[in-house]
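Chemist: Questions regarding the structure given below will be posed in turn.
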Amino acid sequence: MGVRSSLAVLAGTAASQSSRLLRRGSGEVIGGRIALELQPGLLAELAADRVVACVSGTNGKTTTTRLLVAALATRGPVASNAGGANMPEGHVVALSGVPRDRPAVLEVDEVYLPQVVAAVAPRTIVLLNLSRDQLDRMAETRRIVAAWRAMLVGATERPVVIANADDPLVTWAAMPAGRVVWVGAGLAWRSDAAICPSCGGLLTFAAESWACEECPLRRPEPEVALRDGEIDVRGERLPVELALPGRANRGNAALATAAADVLGIAPADALAAMRAVTGVGGRYAVHRRPEATYRLFLAKNPAGWVEIFDMLAEADRPLVLAINARTADGRDTSWLWDVPFEKLRGRHVVVTGERGADLALRLAYAEVDHELVPGTDAALRTAKRRRDQHPAAGADDPDLDVVANYTAFQALRGTVAPVSGHQ
Amino acid sequence: MSDSSVAIALLYPELLGTYGDNGNATVLAQRLRWRGIAAEVVTVAPRAPLPTGEIYLLGGGEDDPQRHVARDLAEGGRLTAAVEGGAVVLAVCAGLQVLGRSFATGEGRYAEGVGLLDIETGRPPRDQQHKRAVGEAVVEPRRSLNLPMLVGFENHGGLTTLRGHALPLGTVRVGIGNGTADRAEGVISGHVVGTYLHGPVLALNPALADMLLGWVVGELPPLPDDTVDAAAERVKAIRLEAAGLTTLGM
């Protein structure tokens, strides 16, 4: 590494540390930004001669990155942007100071993926899913599909692309790659995939298949597939026993297993290692505050919400939903109407967050019993009182389930350390 | 349809429903049911024949889906016939564009619309094309409608020009609306209403929802309780503040 790059890394690291000391977040973004301004080619330099995996998609990026790190960590330390800073600044910080013989798993923002792939020349890229997310600032999903596809045109043996065959948009984007491992990881949210990305025709879906009515595009036959709670790797059936809840995470594990396989970790070993992942950046973990203990979930968009419903505890555990609409969340709360909140009928919901009123309106039309409590702490107290009035079985269980979108989630995990990750 | 139930046809939600606009169907149906009037939402899949209904809803979406919708709706002129028979239509964003004579679909291309509204949608002048209309919008409805201020979130890159009998739904106080110099927003022509307001628009503006329902069932009894409209008022106050206005200033 040249003197300029070394200085850039040093300056960035110093900025990160002072940012942390000043309690201005994890410091990854500011440190990386300074380093990149001093040396724009730094990311490529840090990634050179290193085994790198990139993970991208609308939902499940952080979790899948974490699962893949767990699999690779069976062979020693792994560099990763575990703090969730998923743009080049975060990647620079993740790679700084980590020896070249150590592999890296990078979570990458969907829009930045082509740029990051060009810089780091990854050995493998995991493409999870694409759906509407923060549309007021990200423009349309299909532009991302086109950019991903353009990124892979002309790619030969490297990178090996691990792609969710159940997502037509991901499939279309991945097809030009020289080597694709198709994974049947499932897709609960199909409302952004009604139209063929190739020809504009209509797509029809059936169990474990989809096809275009007008052109040959259809679901590729997967090499790795999630079926009946098992992962089928080219005929070998392996049980998926994760500490993380939900079908979506089993799908993420299937994709991470395929990526680990490409990087030389046997699927059974990879899956065994993934069992140790209990919470991911505060997601799914139990948090403890004076007001209550609660399991915390992140749901930023309709596709994420649809997957959360089957992770929530039984109806006797009070539920708190927190909604903000800052820039990082998307300023437009219209998406709340794309979520089938009718599924929450029969339970009591405490609504909070800066835009809790928007959600309260949605729940009123869904006929879900709810109350709007401004202020997160007050909302937790209100829900806890309810829990105390109706004590449920399982003394070790958390008092509440809390689901929040991005910035509301950050506020809820900010001051607490997870106490345990799973039931 | 049966005589006792109001049929609300939600048209092609898989194709047009990007910004929660499907919620407009829920809002209309619930506001009828809570008043003791039966209502059913009929979801219409792409290619399926247009059902008979009292209210037809179209939402927002992207260019490719928009073309399918225009083709399906124009087939046999059935939506036009339904409107001539007295049906009410609410079309949001891409849905509004589809009902016009033509709409822009991408780099300099135009597609033929259903022709139900005397409007045309192009792209803004080249020097302004980088500016999508994105953000909170506040609309002063045309006086004859006797509606309170409308709020919603707009997100589009269209420039919609009204001709002939098409009148604007209102005038933008905050936001871009149709994008024309007269600050027009949306369109109203008989019982066909179009708007760029997402939100969805009927949840945020219950008086507009009741105007559409009134066209179908006549005078509406009040809602049995005001919870839902109070909730809408709270959201509206937040939206007005986000748009830089206060309720006092209205």
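Chemist: Quick one: how many residues across segment A:54-97 are in a loop (DSSP other than H, G, I, E, B) and either on the phi < 0 side of the Ramachandran plot or crowded, with 22+ Cβ neighbours inside 10 Å (or both)? Working first, answer last.
Modeler: Let us first name the residues in segment A:54-97 that are in a loop (DSSP other than H, G, I, E, B), namely A:57-60, A:76-78, A:81-87, A:96-97.
Imposing the further condition that a residue be either on the phi < 0 side of the Ramachandran plot or crowded, with 22+ Cβ neighbours inside 10 Å (or both) reduces the set to A:57-60, A:77-78, A:81-83, A:85-87, A:96.
Total satisfying the criteria: 13.
Chemist: While we're on this one: Of the conditions (1) of a type outside the set (D, E, K, R); (2) away from chain B (no Cβ under 14 Å); (3) assigned to a strand (DSSP E or B), A:P176 satisfies every one except a single condition; which number is it?
Modeler: The one condition A:P176 does not meet is (3).
Chemist: Here's another thing I want to ask about it. May I ask you to list the residues in segment A:270-329 that are closer than 20 Å to A:N249 by Cβ and of a type in the set (V, I, T)?
Modeler: Of the residues in segment A:270-329, the ones closer than 20 Å to A:N249 by Cβ are A:270-287, A:294-314, A:317, A:319.
Once the filter is applied, which keeps residues that are closer than 20 Å to A:N249 by Cβ and of a type in the set (V, I, T), segment A:270-329 yields A:V277, A:T278, A:V280, A:V286, A:V306, A:I308.
Chemist: Follow-up question, since we're still on this one. Could you please give the count of residues in segment B:47-65 that are surrounded by fewer than 24 Cβ atoms within 10 Å (Cβ to Cβ), modelled with pLDDT of 85 or more and within 13 Å of another protein chain (Cβ to nearest Cβ)?
Modeler: 1
Chemist: Now a separate question. Which residue out of B:L202, B:L169, B:L213 is at pLDDT 95 or above and farther than 26 Å from B:D63 by Cβ? Full working, then the answer.
Modeler: Values: B:L202 fails: farther than 26 Å from B:D63 by Cβ; B:L169 fails: farther than 26 Å from B:D63 by Cβ.
B:L213 is the lone residue from the list that is at pLDDT 95 or above and farther than 26 Å from B:D63 by Cβ.
Chemist: Restricting attention to segment A:254-290, which residues are in contact with a helix residue (DSSP H, G or I) (Cβ under 7 Å, 6 or more places away or on another chain) and assigned to a loop (DSSP other than H, G, I, E, B)?
Modeler: Result: A:L263, A:I265, A:A276, A:V277, A:G281, A:G282, A:R289.
Chemist: Which members of segment B:125-144 meet the condition of being buried (at least 18 other Cβ atoms within 10 Å of the Cβ) and not acidic (D, E)?
Modeler: Scanning segment B:125-144 gives B:A133, B:V134, B:A137, B:V138, B:V139, B:P141.
Chemist: Do you know which of the residues in segment B:11-43 that are buried (at least 23 other Cβ atoms within 10 Å of the Cβ) and more than 21 Å from A:L363 (Cα to Cα) is farthest from the other protein chains (Cβ to nearest Cβ)?
Modeler: B:L11
Chemist: Pick from B:L204, B:L240: which is of a type outside the set (G, A, S), buried (at least 23 other Cβ atoms within 10 Å of the Cβ) and touching a residue at least 12 places away in the same chain (Cβ under 8 Å)?
Modeler: Result of the check over B:L204, B:L240: B:L204.
Chemist: Give the residues of segment B:172-200 that are surrounded by fewer than 21 Cβ atoms within 10 Å (Cβ to Cβ) and either within 14 Å of chain A (Cβ to nearest Cβ) or not in a strand (DSSP E or B) (or both), sorted by residue number.
Modeler: B:V174, B:T180, B:A181, B:D182, B:R183, B:G190, B:H191
Chemist: Continuing with the same structure: Of everything in segment B:92-110, what is without any contact (Cβ under 8 Å) to a residue 60 or more places away in the chain, among the small types (G, A, S) and either assigned to a strand (DSSP E or B) or under 24 Å from B:P200 (Cβ atoms) (or both)? Give them in sequence order.
Modeler: If the condition is that a residue be without any contact (Cβ under 8 Å) to a residue 60 or more places away in the chain, among the small types (G, A, S) and either assigned to a strand (DSSP E or B) or under 24 Å from B:P200 (Cβ atoms) (or both), then B:S102, B:A104, B:G106 are the ones that fit.
Chemist: For segment A:101-115, how many residues meet the condition of being in a loop (DSSP other than H, G, I, E, B), more than 14 Å from A:T62 (Cα to Cα) and touching a helix residue (DSSP H, G or I) at 6+ places or on another chain (Cβ under 9 Å)?
Modeler: Start the filter on segment A:101-115 by keeping residues that are in a loop (DSSP other than H, G, I, E, B), which leaves A:101-103, A:108-112.
So of that shortlist, the ones also more than 14 Å from A:T62 (Cα to Cα) come out as A:101-103, A:111-112.
Okay, now just the ones that are also touching a helix residue (DSSP H, G or I) at 6+ places or on another chain (Cβ under 9 Å), so A:103, A:111-112.
Number satisfying all stated conditions: 3.
Chemist: Further question: Those residues that are closer than 30 Å to A:L271 by Cα, assigned to a loop (DSSP other than H, G, I, E, B) and not small (G, A, S), I need them from segment A:186-234; list them, please.
Modeler: Passing the criteria: A:L187, A:W189, A:R190, A:E208, A:R219, A:P220, A:E221, A:P222, A:E223, A:D228, A:R234.
Chemist: Can you give me the number of residues within segment B:127-158 that are over 19 Å from B:L90 (Cα atoms), more than 14 Å from every other protein chain (Cβ to nearest Cβ) and in a strand (DSSP E or B)?
Modeler: Count: 0.
Chemist: Could you tell me whether segment A:322-340 includes any residue that is buried (at least 19 other Cβ atoms within 10 Å of the Cβ), modelled with pLDDT under 95, part of a strand (DSSP E or B) and not assigned by TED's automatic domain parsing to the domain that holds A:A188?
Modeler: no
The values are calculated or read from the model by the stated rules, or taken from the named source; none is laboratory data. In this text, all values refer to a predicted model and were calculated from it rather than measured experimentally. Cβ coordinates were reconstructed from backbone atoms using ideal geometry, including for glycine residues, and neighbour counts include every protein chain displayed.
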